[in-house]
1. If B:Ala16 passes every condition in (1) touching a residue at least 40 places away in the same chain (Cβ under 8 Å); (2) surrounded by 19 or more Cβ atoms within 10 Å (Cβ to Cβ) but one, which one does it miss?
2. Just name the residue that is farthest from B:Ser137 (Cα to Cα) out of those in segment B:62-80 that are over 13 Å from the mean Cα position of the chain (by Cα), away from chain A (no Cβ under 14 Å) and of a type in the set (D, E, K, R).
3. Would you confirm, using the coordinates I've provided, whether A:Val177 is in contact with a helix residue (DSSP H, G or I) (Cβ under 7 Å, 6 or more places away or on another chain) and outside any helix (DSSP H, G or I)?
4. Which condition does A:Ala274 not pass, out of (1) in a loop (DSSP other than H, G, I, E, B); (2) out of contact with any strand residue (DSSP E or B) (no Cβ under 6 Å at 6 or more places or on another chain); (3) closer than 19 Å to A:Ser215 by Cβ, if it passes all the others?
5. Can you pull out every residue in segment A:280-295 that is exposed (fewer than 12 other Cβ atoms within 10 Å of the Cβ) and in a helix (DSSP H, G or I)?
6. Given the structure, is A:His47 over 27 Å from the mean Cα position of the chain (by Cα), modelled with pLDDT of 95 or more and not hydroxyl-bearing (Ser, Thr, Tyr)?
7. Out of all the residues in segment A:77-96, which are surrounded by 21 or more Cβ atoms within 10 Å (Cβ to Cβ) and assigned to a loop (DSSP other than H, G, I, E, B)?
Amino acid sequence: MNNNIRSYFPILNQDLIYFDNSATAATCSAALKAMDHYYKTDCFNIHRGVYRQAQKSEKEFEDVREKVRKYIGATYAEEIIFTFGTTDAINNLSSCFLLDMKESDNIVITEIEHSSNYLPWKKLSMVTKCELRIAQCDENGLLSEEAVIQCIDKNTKIVAISGMSNVTGVFQPINEVIKMAHENKSYVIVDASQLCSHTKINVKEMDCDFLCFSSHKFFGPTGSGILYGKREILNKLNVGKVGGGMVDILNNGMEKDSFDAIPYKFEAGTPPLAEVIGLGATIDFINSIDFDFYLKKEKEMGQLLENKLVQIPKLNLIGNTSLGSYKGKVNLKKAPIFSFSIEGITSYDLGLLLSTKKIAVRTGNLCAQPLLKRIKESDLLRVSLSIYNTEEEIGVFVETLNYLLSRLKGEKCE
Amino acid sequence: MNRFDQRQKYCIDTFAKLDDEYDQFDYLISISLTSEIKLDKTLRNEKNLIKNCKSNLWIIIKKEMDGTINIRVDSDSLILKGLLLVIKNIYQGLNKEEIKKSSFKLMEYVKVGDLLSNKRKDSIEEIISKINEISKS
């Protein structure tokens, strides 16, 4: 293993400063090699054919399930369901509750949720006519545990909460939320899409009932992800997505069907075979490097960038943890995700100009419209770093940003 | 060469001299910053908003008494406003016959077109369609 972490991510070998890692992280070469090999030699459908090649393919696939189990600290391999990504996972999961929800039940979500952890629950609430409760964040885009706990009562069936905001990068405190939810016999679903590349996840320590993330935000390929669920819950949960590969006995007409055991009953259709193999190779890669060392380095990069950003005049940094309801109370941890607006300048113009200078950032509503409405912003520019970004890149970005801001304000530039 | 073709050629030639993407955007920003054209707050409304464009684009297209087109534009984005002002300068004051014979090709020659999202490209097409429609009415 060589010291240059960037060498393990081929897509970084181009003239580009890539600061849009919250959208998609670079894919590691281990995943690419594994998928290439799989497609060329082992890509045969699984849980179906009896021929040797199908069995080999199935074994490779199930080996990844065990790898994921170990990586996230789950107890049983059958607690790991493969999905096509977080959006797929949450849509699938929410549809599992379709027949269980009563009008007297409620679902708790929050204003910091990404559309993918907001809309499926809103839809479930509309279809089942149960109440949707939305915990509010403050005017800085920060969400306190108290705000969520206040929404939970004995009729709360589900609490769906992000482990980390894709806007502020704050590690969302959820221990007390999970405790309160369990006291009320509610299920807690943690969206770990942003968390997964900024910390080691341990579902047992967290004690969440469900957790999901996407491979492509975790240095793996697009098209796969995982949904973790506690075994005892998955065993009694109704199926969501239905189709081939998950039904045991399919009866004619409207007669009740029986379904496979977990996790298979939640994996309808052909799974993303090669992409799961890619995820497995990604986990191997992460386990082979000193991930803690790179996370520490990433944190330092984040601090460096934040110190420079707050010096820019009229820059409004969202989720500044020294402000708002957290001030003086809790030392909030933050990943290097920085979203901001600049008075009088659209993020669209800035994003386009940065792209001409080979700097990639995200602009717009960041799929976080409820949060933006709360903080009275219509569009933001987001810079999201990862383990392979460098101090040099940060320097170039800040210098370029300042230059472009002068230009957009009509000031003379060299 | 008719007025439309002359004006469009002038714009295409101007952009051709600006080889770099950044220079083309910078040119559009200059146009915006030096333009005194700005829609009043009351006109920056839903009726004049180009839908499906995430950046706010407002446009008012009217046919004057003499049959010529009058266009007023604005946007929160300096780059898009610059582009709208270029389009306005091409079409402003043209009559129905001139617009009928026109073929808007500017976006094929400007690098900035590649960086516009499909929705924003659709918005530009929508504006050209509106101009054609109103001039025929």
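The values are calculated or read from the model by the stated rules, or taken from the named source; none is laboratory data. It should be emphasised that the depicted structure is a prediction, and the values quoted were computed from it without experimental measurement. No Cβ is skipped: glycine too gets one built from the backbone with ideal geometry, and neighbour counts run over all protein chains shown.
1. (2)
2. In this case the residue turns out to be B:Asp66.
3. When the stated conditions are applied, A:Val177 does not pass them.
4. (1)
5. Passing the criteria: A:Asn287, A:Ser288, A:Asp292, A:Phe293.
6. Details: over 27 Å from the mean Cα position of the chain (by Cα): yes; modelled with pLDDT of 95 or more: no; not hydroxyl-bearing (Ser, Thr, Tyr): yes.
Here the answer is no, as A:His47 does not meet what is asked.
7. A:Gly85 - this is the single residue of segment A:77-96 that is surrounded by 21 or more Cβ atoms within 10 Å (Cβ to Cβ) and assigned to a loop (DSSP other than H, G, I, E, B).
Conditions (1) of a type in the set (D, E, K, R); (2) within 13 Å of another protein chain (Cβ to nearest Cβ); (3) within 21 Å of B:Leu116 (Cα to Cα), marked per residue:
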residue: B:Tyr22; (1), (2), (3): no, yes, yes
residue: B:Ser30; (1), (2), (3): no, yes, yes
residue: B:Leu39; (1), (2), (3): no, no, no
residue: B:Val86; (1), (2), (3): no, no, yes
residue: B:Ile99; (1), (2), (3): no, no, no
